[in-house]
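The values are calculated or read from the model by the stated rules, or taken from the named source; none is laboratory data. Note that this is a predicted model, so its numbers are computed, not measured. FYI the Cβ positions are ideal-geometry reconstructions off the backbone, even for glycines, and counts take in every protein chain you see.
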Amino acid sequence: MTRSSLPAWQALQKHAEDMQQQSIKALFDTDSKRFERFSVQRPGLLFDYSKQNINQLTMALFAELAEQCQFTDWRAKMFAGERINITEDRSVLHVALRRDTSQPLLVDGTDVSQQVAEQLAKMKQFCQQVHSGQWRGYTDKPIRHIVSIGVGGSNLGPEMTTNALKAYKTSDLTVHYASNVDGNQIADVLDSVDIETTLFIISSKTFTTSETMTNANTAVKHLLAAAGDKSAIAKHFVAVSTNTEKVTQFGIDANNIFDMWDWVGGRFSLWSTIGLPIALYLGYEQFEQLLQGARDIDQHFQTAPLEKNIPFIMACLSVWNCSFLNARSQVILPYDQVLHRLTAYLQQAEMESNGKHVNFAGDTVDYNTVPTIWGEIGINGQHAFYQYLHQGNNIVPADFIGSITPIRDIEQHHDILIANMFAQAEALMCGVSEQEVRSSLAKQGKSDDEINLIAPHKVHQGNRPSSMFLFDKITPYSLGQLIALYEHKIFSQGILLEVCSFDQWGVELGKGLANNIHAEILAEGEVSGHDSSTRSLINFYKANKNQS
Ligand code: F6P
């Protein structure tokens, strides 16, 4: 049995057939209260989803689906620390990282709140030591540069956040990231820092990820080439990991380990000690603000009725568009330059979480689960792929994200930026009819022949759904809210679709395969085995490498 056998799912399928006959614009014509009905306001935030192809029945049926999926029970289980990551037999407790740590939260007899409080205190103290210049490098100089080495969830959150919030930074540190095993990246980073004043943070939940370990080893060699003495490592390397044994084997001082726990998923971990680059670069108080913003959304998600619950609504819209209306991708369009790494972050958050094809029991589901997530800063997208959004023959639902007050207000820029965002969302929904095109061309004095030739190309069908987030301003607090909204959307989506959101077996597969081929590349002679394409590619590479 999959979700599609539930009565509410079947009712939604039937309802989707009706809604596909409607235009979103017409829904506005028949409901003067549509914006009020399909938008939610919270202090500092407006979420408008009235430009989606839904009506009151759609949302009522999703409320029924939620009930038939025991949605509220699952939500309570997550917040209580039950092992809802069933394939890895783990709790899912990123929410514990930003809750009030004075309130105990017992998981298997251990108070995780206390564990979190201890690590936060350690981070805070470390930030003070680095910022005050008390923490010194091997030549007794204070730290000026942070190099964070990690990949996936151990990179994207800190990188996206420090990029977004650099206007709020209170430290005079620089921050750099190395995630790719492509040596060009770490080489560039190492070229741009002064090793005597650089602190490396090796972030890896498992401390076995080969890309991260390769970069970490390169960084150690670089330090030792300059310092000539292993004692320098303790002054320049700290680690964030659950795997203390591997970290100490690697050579990092046990005192320099910041703990994390297996109940924090990598892609939900920026609130944990994985956020150390954020706290160091922006300042610990800013990191706390980020946690506070997320906590606000945790409370909203737990307490708001479903019809006003933003993450739940976001999840319903995604399931509606993807599983019922057959939209295969979703575009994220931030109209805020500082959010330029948000799409990359959300790609991992949503696609690694819900890009699955079996339900909790392991049965193949007979519906689309998640769309492909893609996107770009809105204005850049307008001059690149919006043509496809407006006139392509695939409908791509869009999330627009903007703010009322820019971080840096440069004369008229912000009004122009936001005017573009509103205009694009309106145009996607309303389109331009053939009649409008023809009358506009006629007004320009075009002949009938010219009009017949051009008109079909200028028609915009419209009826392309979008949602819009309008924040007062991007701040550490509101960015915390934004990220937590998407996190809880992803959880809700997983429950509605019945997919295990918190494992990533599809990624584990690739990790093992690459190790085997790496060994074959290093070995003498031609490889045998594999399919003929892979075998020939490996042999071609081996025959030709080191020749230029
Ligand atoms: O990308 C796959 C993944 O397993 C992610 O889930 C994780 O965030 C990333 O690898 C890095 O893993 P680790 O923190 O263990 O190095």
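Pairs please, first residue from segment 195-213 and closer than 28 Å to Ala519 by Cα, second anywhere and near the ligand (Cβ under 7 Å from one of its atoms) and of a type in the set (A, V, I, L, M, F, W, C), Cβ atoms under 7 Å, 6+ apart in sequence or on different chains.
Listed by first residue and then by second, the contacts come to Thr209/Val151; Glu211/Val151; Thr212/Val151.
At least 2 residues that are closer than 30 Å to Leu479 by Cβ in each: list the helices (runs of 4 or more DSSP H) lying fully within segment 1-73 that qualify.
34-37, 56-68
Has segment 107-126 got any residue that is away from the ligand (no atom under 16 Å from the Cβ), in a strand (DSSP E or B), touching a residue at least 40 places away in the same chain (Cβ under 8 Å) and more than 20 Å from His222 (Cα to Cα)?
yes
Among residues belonging to segment 227-237 that are over 24 Å from Ile274 (Cβ atoms) and in contact (Cβ under 8 Å) with a residue 40 or more places away in the chain, point out the one that is nearest to the ligand (Cβ to nearest atom). Talk me through it step by step, then tell me what you get.
In the first step, residues of segment 227-237 are kept if they are over 24 Å from Ile274 (Cβ atoms); the result is 227-232.
From the residues that got through so far, the ones that are in contact (Cβ under 8 Å) with a residue 40 or more places away in the chain too are 227, 229, 231-232.
Working: Ala227: 26, Asp229: 28, Ser231: 27, Ala232: 24 Å.
So the residue we want is Ala232.
For Lys443, state whether it is among the basic types (Lys, Arg) and closer than 30 Å to Phe324 by Cα.
On the way: among the basic types (Lys, Arg): yes; closer than 30 Å to Phe324 by Cα: no.
Considered against the rule, which asks whether it is among the basic types (Lys, Arg) and closer than 30 Å to Phe324 by Cα, Lys443 comes out as no.
Look at segment 160-219 and say how many of its residues are within 23 Å of Asp140 (Cβ to Cβ), charged (D, E, K, R) and part of a helix (DSSP H, G or I).
1
Based on this model, can you work out whether Val396 counts as free of Cβ contacts under 8 Å to residues at least 60 places away in the same chain, crowded, with 16+ Cβ neighbours inside 10 Å and more than 30 Å from Tyr168 (Cβ to Cβ)?
On the way: free of Cβ contacts under 8 Å to residues at least 60 places away in the same chain: no; crowded, with 16+ Cβ neighbours inside 10 Å: yes; more than 30 Å from Tyr168 (Cβ to Cβ): yes.
When the stated conditions are applied, Val396 does not pass them.
Of these, Gly133, Gly137, which one is over 28 Å from the mean Cα position of the chain (by Cα), over 26 Å from Gly265 (Cβ atoms) and either surrounded by 17 or more Cβ atoms within 10 Å (Cβ to Cβ) or within 16 Å of the ligand (Cβ to nearest atom) (or both)?
Details: Gly133 fails: either surrounded by 17 or more Cβ atoms within 10 Å (Cβ to Cβ) or within 16 Å of the ligand (Cβ to nearest atom) (or both).
When all the criteria are applied, what remains is Gly137.
Out of all the residues in segment 142-160, which are closer than 16 Å to His94 by Cβ and more than 12 Å from the ligand (Cβ to nearest atom)? Show your work before the answer.
Keep residues of segment 142-160 that are closer than 16 Å to His94 by Cβ, which gives 152-154, 156-158, 160.
Correct list: Met160 only.
Yes/no matrix, rows are residues, columns are (1) at pLDDT 95 or above; (2) within 16 Å of the ligand (Cβ to nearest atom):
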site: Ser466; (1), (2): yes, no
site: Thr475; (1), (2): yes, no
site: Asp503; (1), (2): yes, yes
site: Val507; (1), (2): no, yes
site: Leu513; (1), (2): no, yes
site: Ile521; (1), (2): yes, no
site: Ser532; (1), (2): yes, no
site: Asn539; (1), (2): yes, no
site: Lys542; (1), (2): yes, no
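Inspect segment 205-218 for any residue being more than 12 Å from the ligand (Cβ to nearest atom) and closer than 29 Å to Trp261 by Cα and give the result as yes or no. Please lay out each step first, then the result.
To start, the set of residues in segment 205-218 that are more than 12 Å from the ligand (Cβ to nearest atom) comprises 217-218.
From what is left, the residues that are closer than 29 Å to Trp261 by Cα are 217-218.
Yes, the conditions are met somewhere in segment 205-218.
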